[in-house]
Amino acid sequence: MKRVLLIAIAALGLIGSPVFAQEPPPAPDRPLPDAAQEARAQALFDGIRCVVCQHEAIADSPAVIAADMRQLVREQVAAGRTDAQIEQDLVRRYGDFVLFQPPVRLGTWLLWFGPVALMAAVLALLLLRSRGRRAEAAPLTAEEEARLADIVAGDGLRPDPDAKPSDH
């Protein structure tokens, strides 16, 4: 009986453990007291990608790291740093991926032009394959032409038993 009770307690502990393993909710955002600085920070939030969600801006992300990134941006805006300096600092910390519009340079050429190059390559391949398939049909032999003439004339056709009088 004790063994069954211990197994039941262990199972309940395993079932409840994911609830305890969740990350705590982020602290509520504290906007900057200066409305102009807060508006500038909000504009920056829309261009910065959450490194956890990866498809959301930090303005929309509920992740704790997004809240930390929002706070970092606010601190740098309050410190008087320019937008470019703030973005450079974030790129230094997280890489080019953190920006929704990463800069065009040698390391990001594939990111910027890769999809267009891939589509152009697929289009070129399809065009080349469609040109290669155009094969001319061999001309009919005299025997085949005679058979075709018989078929068209209707001599070798048997009537369709399901045909209505209007189909004849």
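The values are calculated or read from the model by the stated rules, or taken from the named source; none is laboratory data. These numbers come from a predicted model, not from an experiment. Don't worry about glycine lacking a Cβ; one is built from the backbone with ideal geometry, like all the others, and counts go over all protein chains shown.
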### Message
So Phe97 passes all but one of these: (1) touching a residue at least 24 places away in the same chain (Cβ under 8 Å); (2) surrounded by fewer than 11 Cβ atoms within 10 Å (Cβ to Cβ). Which condition number does it fail?
### Response
(2)
### Query
When residues of region 100-112 are filtered for being in a helix (DSSP H, G or I) and exposed (fewer than 12 other Cβ atoms within 10 Å of the Cβ), how many remain?
4
### Task
Give the number of residues within region 63-77 that are out of contact with any Leu (no Cβ under 6 Å at 6 or more places or on another chain), in a helix (DSSP H, G or I) and surrounded by 15 or more Cβ atoms within 10 Å (Cβ to Cβ).
9
### Query
With respect to the numbered conditions (1) assigned to a helix (DSSP H, G or I); (2) at pLDDT below 90, which one is the sole condition not fulfilled by Arg158?
(1)
### Task
Kindly check whether there is at least one residue in region 140-154 that is in contact with a helix residue (DSSP H, G or I) (Cβ under 9 Å, 6 or more places away or on another chain) and either farther than 30 Å from Gln37 by Cβ or not hydroxyl-bearing (Ser, Thr, Tyr) (or both).
yes
